[in-house]
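Data first, discussion second: the structure below is written as structure tokens.
We did not get these values from a lab; they are worked out from the coordinates using the rules stated. These numbers come from a predicted model, not from an experiment. Cβ coordinates were reconstructed from backbone atoms using ideal geometry, including for glycine residues, and neighbour counts include every protein chain displayed.
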Amino acid sequence: MAISKVIHKYKTNAQPKDIAYWKTKSYEQRLDALEQIRTEYNSWRYNAEQGFQRVYRVVKQK
């Protein structure tokens with residue numbers, strides 16, 4: 001199933017009501033919602049849990 005790209009242009013005074021909703025939220029709440037959407041998309045798209053891509057080992061040199 002492909003997702004098609006959709007772009008909507010609005011004049012500043014004719015924006016949809018969801019913008020007004022998000023303007024009432026703090027930046028922390030907006031970032032939390034964005035992180036949740038990103039996490040859900042990554043698990044759907046890549047079918048994997050988010051984690052480190054590489055494992056590094058710290059070696060103390062003399």
Item to check | Contacts under 8 angstrom Cβ, first residue in the range 5-28 being free of Cβ contacts under 8 Å to residues at least 24 places away in the same chain, partner hydrophobic (A, V, I, L, M, F, W, C), 6 or more apart | outcome: 25/33
Checklist entry - Going through the range 2-48 one residue at a time, which ones are surrounded by 10 or more Cβ atoms within 10 Å (Cβ to Cβ) and among the charged types (D, E, K, R)? => result 25, 30, 32, 35, 38, 40
